[in-house]
Amino acid sequence: GVGQMTNDLQRRISEAEDARELRDQVLSALEEAIVLFDAGGTVVYSNEPARRMFGDPDGVGQIAPLEARQAVEGALTSGVVHRRRFGAGVPSREFSGTAIPILEGRMVVLTVRDITESQRVEAMRRDFVADASHELKTPVAAIRAGAETIVRALDDDPEVVARFAEQIDRNATRLGQLVTDLLDLSRLEAEQPETTTVRLDRVVASEVESARAIAVSRQLEVGSDLEDVEVEANEDDLRLAVRNVLDNAVRYSSAGGAVSVYVIGRGGEAIVEVSDTGVGIPRRDLSRVFERFYRVDIARSRETGGTGLGLAIVRHVVERHGGSVEVESELGRGSTFRIRLPVNDA
Ligand code: ADP
């Protein structure tokens, strides 16, 4: 009967409404802004991110910024995909807009993606590769020059041969250290650490022992006072961080100096503190020493076998453990590096 037909119709209408609602929910959950235009340029649908970005335009003529409108108009008239990049907003962010004809050109879908972050990462990667290549070139050039000199001097100057063999050895070691540090850095950027409960004081104690051997040969004293402290951490990474800070304390000190190492647990925090009485760091450089390849004194860094990556590695390790690292220093008096790690006392 008629009642039955009305019920069917109503059921179908409400199903259609449900489907539309579902589609809107799904499309609005995406990060991309999506706007659908008919062949006349009228807006047929827009998802939530698009409504936030473009407001509620009726047609392509009201789409701003200009590049997005041009992409849609291009796709509508030519029937082929149009892409445009543009900046928008305050502070300005970068977007990539793509207008795609569908249904044989009877409609156009505009999608807009925020590419600010991916562009930033890409630029960082480019800089990193450029910096790393530059750093690698120096020892490679020295090795090649050394080898050439040796070939020429082979017959008549054994002393030159010895000297340049030593140059090759030194630069090959440096090259090896650079590659090791670069690999550590990229691993630290890529992977999440696997953590266990680690006795921080024991890690520091064993690194202090290793550092002491080198320090003694340079007439430096190394003192330590280590409280029992447990942290959730990746032990290898932690070891690497502590080693780099200790290594610097020794390398940037001169004979007669002292290095003091503390492990302190207090207030939900574990602190590793390494102080030296070495050359110190000028105030203007303090905030930059954790940047990769940043050195206050390039000659000294090279002489002592530095790569300029030690503190960048320290910062990466510490930050991915939810901690922080800080430095205090006075030029000519010494430096203190402090690693802070969170402790969850259950
Ligand atoms: P490098 O391999 O050159 O030592 P790092 O990343 O370990 O590189 O350190 C960056 C720069 O910070 C060093 O080149 C040096 O100028 C400065 N620095 C680091 N630790 C110390 C320290 N304990 N005393 C003085 N300067 C330091």
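The values are calculated or read from the model by the stated rules, or taken from the named source; none is laboratory data. Keep in mind it's a predicted model, so treat the numbers as computed, not measured. With ideal geometry, Cβ positions are generated from the backbone for all residues, glycine too; neighbour counts draw on all protein chains shown. Ligands, DNA and RNA are excluded from the accessible area calculation, which covers all protein heavy atoms including side chains. Shrake-Rupley method; radii C 1.70, N 1.55, O 1.52, S 1.80 Å.
Descriptive notes on the structure:
- Selected residue (only one of Ile281, Ile271 is at negative phi, modelled with pLDDT of 95 or more and open to solvent by 10 Å² or more (accessible area, probe 1.4 Å)): Ile281
- Looking across segment 201-229, the residues that are outside any helix (DSSP H, G or I) and more than 24 Å from Thr304 (Cα to Cα) come down to Asp225, Leu226, Glu227, Asp228, Val229.
- The set of residues from segment 197-228 being open to solvent by 80 Å² or more (accessible area, probe 1.4 Å), modelled with pLDDT of 95 or more and among the hydroxyl-bearing types (Ser, Thr, Tyr) comprises just one member, Thr197.
- Against the test of being more than 16 Å from the ligand (Cβ to nearest atom) and closer than 29 Å to Leu175 by Cα, the options Asp236, Asp297 yield a single qualifying residue, Asp236.
- The single condition from (1) of a type outside the set (D, E, K, R); (2) over 30 Å from Ala147 (Cα atoms); (3) in a helix (DSSP H, G or I); (4) in contact (Cβ under 8 Å) with a residue 40 or more places away in the chain that Val198 fails is (3).
Here is a yes/no grid of residues against (1) touching a strand residue (DSSP E or B) at 6+ places or on another chain (Cβ under 8 Å); (2) farther than 27 Å from Gly280 by Cβ; (3) within 16 Å of the ligand (Cβ to nearest atom):
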| position | (1), (2), (3) |
| --- | --- |
| Phe164 | no, yes, no |
| Gln167 | no, yes, no |
| Asp184 | no, no, yes |
| Thr195 | yes, yes, no |
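- Figure legend. Inter-residue proximity from segment 236-263: first residues closer than 14 Å to Gly306 by Cβ and open to solvent by less than 20 Å² (accessible area, probe 1.4 Å), second residues within 11 Å of the ligand (Cβ to nearest atom) and in a helix (DSSP H, G or I), beta-carbon distance below 7 Å, spacing 6+ or different chains. Indicated pairs: Val245/Val314.
- Against the list (1) near the ligand (Cβ under 8 Å from one of its atoms); (2) surrounded by fewer than 19 Cβ atoms within 10 Å (Cβ to Cβ), the condition Glu328 fails is (1).
- Filter result for Val43 (surrounded by 13 or more Cβ atoms within 10 Å (Cβ to Cβ), over 20 Å from Thr116 (Cα atoms) and β-branched (Val, Ile, Thr)): yes
- Of Leu76, Leu30, Leu36, all but one fail to be closer than 30 Å to Val121 by Cα and either in contact with a strand residue (DSSP E or B) (Cβ under 8 Å, 6 or more places away or on another chain) or not charged (D, E, K, R) (or both); the exception is Leu30.
- Any hit, segment 72-83, residues being crowded, with 17+ Cβ neighbours inside 10 Å and not in a helix (DSSP H, G or I): yes
- Val90 among the β-branched types (Val, Ile, Thr), crowded, with 18+ Cβ neighbours inside 10 Å and within 30 Å of Ala123 (Cβ to Cβ): no
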